[in-house]
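Visitor: Have a look at this one.
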Amino acid sequence: MQVQNDGDSADDITITGAAPSSGITGQFFVGWFDATSAIGGPGFTLHDVRPGEVIAFALRFQAPPDAVAGMEQQAAVIARSVTDSEAVDFQRFRVFVPRPG
């Protein structure tokens, strides 16, 4: 996933969301940093994001060894400008264990 500053000046962008914590679980990463507790809690803030700058982060899902075909889970992510309350992006994800064949 990517966050981009579409504004005209540097801004802080806060990422919040809820990674699934049961069944198929999820973890958020910014680079190699596991940001799951921050993003799932008060938020993970990217500071001084320059105009046009793009910062990538990831959401990794993992199914348990005993997962059954059709098991699914959802997650949502919100990126919000700290200086402009109208600048908000929302993304929803759905992951499932495929059926054989």
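No value in this document is a laboratory result; all are computed from the given coordinates. These figures come from a predicted structure and were not determined experimentally. Note that each Cβ is placed from the backbone with ideal geometry, even for glycine, and that neighbours are counted across all protein chains shown.
Visitor: If you go through region 39-52 one residue at a time, do you hit one that is in contact with a Leu (Cβ under 7 Å, 6 or more places away or on another chain), more than 20 Å from S85 (Cβ to Cβ) and touching a residue at least 24 places away in the same chain (Cβ under 8 Å)?
Guide: The first filter runs over region 39-52 and keeps only residues in contact with a Leu (Cβ under 7 Å, 6 or more places away or on another chain), leaving none.
No, the conditions are met nowhere in region 39-52.
Visitor: Quick check on region 6-24. Is at least one of its residues out of contact with any Phe, Trp or Tyr (no Cβ under 8 Å at 6 or more places or on another chain) and free of Cβ contacts under 8 Å to residues at least 24 places away in the same chain?
Guide: yes
Visitor: Answer yes or no as to whether A56 is more than 15 Å from the chain's Cα centre (by Cα) and aliphatic (A, V, I, L, M). Before you say what the answer is, go through the steps one by one.
Guide: Numbers: more than 15 Å from the chain's Cα centre (by Cα): no; aliphatic (A, V, I, L, M): yes.
So A56 does not fit the description; no.
Visitor: Scan region 25-53 residue by residue and report those that are within 28 Å of F96 (Cβ to Cβ), of a type outside the set (A, V, I, L, M, F, W, C) and not in a strand (DSSP E or B). If you could, list the steps in order and put the result at the bottom.
Guide: Step one: of region 25-53, the residues within 28 Å of F96 (Cβ to Cβ) are 25-41, 43-44.
From what's left, of a type outside the set (A, V, I, L, M, F, W, C): 25-27, 31, 34, 36-37, 40-41, 43.
Across region 25-53, the qualifying residues are G31, T36, S37, G40, G41, G43.
Visitor: Considering each residue of region 75-101, count those that are free of Cβ contacts under 8 Å to residues at least 60 places away in the same chain and within 11 Å of the chain's Cα centre (by Cα), and give that number.
Guide: 5
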